[in-house]
Amino acid sequence: GLPRDLIFITDPANRPVYISRAASELDPSALQQVLRTLQRSPLVTRGALALEGSGGPHRYAIDTLGGDVQGQIRAVMVAARLEGPLRGPTQLLLSMLIVSPVIILASAIMGYWLAGRVLRPLDVMVGEVEAIQDGRSLHRRLAVPPGDDELSRLGANLNAMLSRVERSFVALRRFTADASHELKTPLMVLRAGVERSLTHPEAPEEIVDALDGTLRQINEMTEMVTNLLTLARADEGRASLVLATGDLVPLVAEAGETAEILGESQGVTVLLELPERPVMAAIEAGRIRQLLLNLVTNAVKYTPAGGTVEITLAADAEHATVVVRDSGIGIAPGDVPHVFERFWRADPSRSRSGDRPGTGLGLAICQWVTEAHGGTIGLQSRPGRGSTFTVSLPLPGGEPAGASHAG
Ligand code: ADP
């Protein structure tokens with residue numbers, strides 16, 4: 001408990017007239033010590049006493065009393081035990097325990113704030129770099145902070161690098177567009193020539209066979225050149241769509257019929273599921289036709305005999321969804337992110353003219369067409385089990401037409 005005060009009051013003859021309870025419990029020798037101190041000391045004083053056997057060192061104060069009691073009382077002494085040297089460190093420890101978390105918290109907040117302030121320009125720069133994602137945003141430059149610190153030098157260097165990248169990118173794009181454009185005419189002439197020779201009444205069988213093969217190659221090359229031109233123009237932002245409101249149902253039906261014909265020759269069953277009502281969307285029909293054709297020919301092409309291809313069209317208030325699901329060879333998980341890349345093919349050893357000819361441009365076109373319509377294209381696949389391509393296109397009814405009347 002609390003240390004109890006020792007109180008002594010003496011009369012002018014230096015005899016104790018009052019001793020507090022705590023004081024009366026002192027050792028006799030300690031009491032003697034106190035009384036000796038009282039008698040010896042000047043009338044106003046402070047000091048320390050050892051008080052052996054009574055709880056160690058005490059601190060005391062002696063004072064006289066003035067006024068009425070003078071003559072009856074000489075002095076009053078109050079003494080109290082010192083808590084010992086332990087109190088200091090304990091209190092220090094206690095205050096440290098309370099104060100240091102506060103200091104740590106305060107400095108953490110301060111540090112966070114400071115780091116945030118220092119890193120904010122860097123953060124802004126990272127955001128700007130992130131925004132430069134493809135060829136179309138390569139013309140953008142970073143806002144370089146003024147001054148000559150690391151950050152502005154980094155910004156300036158990145159900008160210089162962007163300029164170089166943009167120049168080579170533009171050159172590459174121009175070349176692709178020019179080359180594919182220039183190739184179109186000779187290919188057309190070539191095809192016309194081969195077709196004319198094919199229909200020549202006196203052409204021997206083996207020549208016809210050879211010309212047939214040549215024609216197939218020319219057609220494939222024409223398709224590739226056309227696709228390249230489309231993608232190059234899309235990169236340049238020159239391949240804008242001409243949208244018109246059209247029904248998706250006949251387009252999907254048409255793709256389904258093509259798939260059936262292709263499937264028949266390969267032993268692949270094609271199932272088609274269409275909604276009963278028209279699905280009107282803002283589309284460029286030719287591009288959507290190309291998109292659907294690419295997906296269904298792939299589905300049949302990569303499905304071995306005995307498999308199935310399911311083509312479905314469904315619509316809700318906001319989206320039309322075309323799903324092309326096959327039970328074919330599938331795509332390895334590691335390859336899935338790459339299928340929409342240009343010229344990417346799952347097995348590069350497969351020759352272009354082998355059992356599954358192709359250029360690796362089809363899905364890149366599909367992605368461009370979908371995105372140019374404001375839609376999304378996705379792929380789920382398991383090797384050996386099949387692949388599912390899902391195209392989602394926004395419908396103009398997305399924002400309910402009657403909303404303005406209601407409000
Ligand atoms: P292409 O079919 O001309 O090679 P695509 O861009 O259409 O080019 O497809 C790229 C690659 O993606 C194909 O080479 C093939 O490996 C893979 N792929 C596409 N569709 C399917 C599918 N339905 N099933 C399995 N693999 C597919």
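The values are calculated or read from the model by the stated rules, or taken from the named source; none is laboratory data. Keep in mind it's a predicted model, so treat the numbers as computed, not measured. Backbone-built Cβ (ideal geometry, glycine too); neighbour counts: all protein chains shown. Just the protein is used for accessible areas: all its heavy atoms, side chains included, with ligands, DNA and RNA removed. Shrake-Rupley method; radii C 1.70, N 1.55, O 1.52, S 1.80 Å.
Checking the conditions here, which among A203, A244 is within 22 Å of H373 (Cα to Cα) and hydrophobic (A, V, I, L, M, F, W, C)?
Answer to the check: A244.
State all residues of the range 224-273 that are acidic (D, E) and touching a residue at least 60 places away in the same chain (Cβ under 8 Å); if no residue qualifies, say none.
Within the range 224-273, D235, E236 meet the criteria.
For the structure I just gave you, tell me whether E264 is surrounded by fewer than 20 Cβ atoms within 10 Å (Cβ to Cβ), modelled with pLDDT of 90 or more and over 29 Å from S180 (Cβ atoms).
In short, yes.
How do the pairs read when you match residues in the range 360-382 that are in contact (Cβ under 8 Å) with a residue 40 or more places away in the chain with residues anywhere that are within 12 Å of the ligand (Cβ to nearest atom) and charged (D, E, K, R), using Cβ under 8 Å and keeping only pairs 6 or more apart or on different chains?
Partner pairs satisfying both residue conditions: L361/R342; A364/E341; A364/R342.
What tally of residues in the range 18-41 results from selecting those that are at pLDDT 85 or above and part of a loop (DSSP other than H, G, I, E, B)?
1
Name, by its number, the condition in (1) of a type in the set (D, E); (2) open to solvent by 40 Å² or more (accessible area, probe 1.4 Å); (3) touching a residue at least 12 places away in the same chain (Cβ under 8 Å); (4) within 20 Å of I365 (Cα to Cα) that does not hold for E195.
In the conditions (1) of a type in the set (D, E); (2) open to solvent by 40 Å² or more (accessible area, probe 1.4 Å); (3) touching a residue at least 12 places away in the same chain (Cβ under 8 Å); (4) within 20 Å of I365 (Cα to Cα), E195 misses (4) alone.
Report the residue count in the range 131-184 for those that are in a helix (DSSP H, G or I) and open to solvent by 100 Å² or more (accessible area, probe 1.4 Å).
9
Could we say that V324 is at pLDDT 95 or above, within 15 Å of L291 (Cβ to Cβ) and either within 9 Å of the ligand (Cβ to nearest atom) or among the charged types (D, E, K, R) (or both) here?
Yes: the conditions hold for V324.
Of the residues in the range 287-321, how many are open to solvent by less than 20 Å² (accessible area, probe 1.4 Å) and within 14 Å of the ligand (Cβ to nearest atom)?
10
Sort out which residues of the range 281-319 are farther than 16 Å from W368 by Cβ and among the β-branched types (V, I, T), and write them in order of number.
Across the range 281-319, the qualifying residues are V296, T297, V300, T303, T308, V309, I311, T312.
Consider E128 carefully, then state whether it is over 30 Å from R238 (Cα atoms) and out of contact with any Ser or Thr (no Cβ under 9 Å at 6 or more places or on another chain).
So E128 does not fit the description; no.
Looking at (1) more than 16 Å from the ligand (Cβ to nearest atom); (2) surrounded by fewer than 17 Cβ atoms within 10 Å (Cβ to Cβ), which is the only condition V249 fails?
Here V249 meets the rest and fails (2).
So, of the residues in the range 330-351 that are at pLDDT below 85 and surrounded by 14 or more Cβ atoms within 10 Å (Cβ to Cβ), which turns out to be farthest from the ligand (Cβ to nearest atom)?
W344
Among the residues of the range 14-45, how many are open to solvent by 60 Å² or more (accessible area, probe 1.4 Å) and among the aliphatic types (A, V, I, L, M)?
Residues meeting the conditions: 3.
For residues in the range 57-91 being at pLDDT below 75 and among the hydrophobic types (A, V, I, L, M, F, W, C), which is nearest to the chain's Cα centre (by Cα)?
L86
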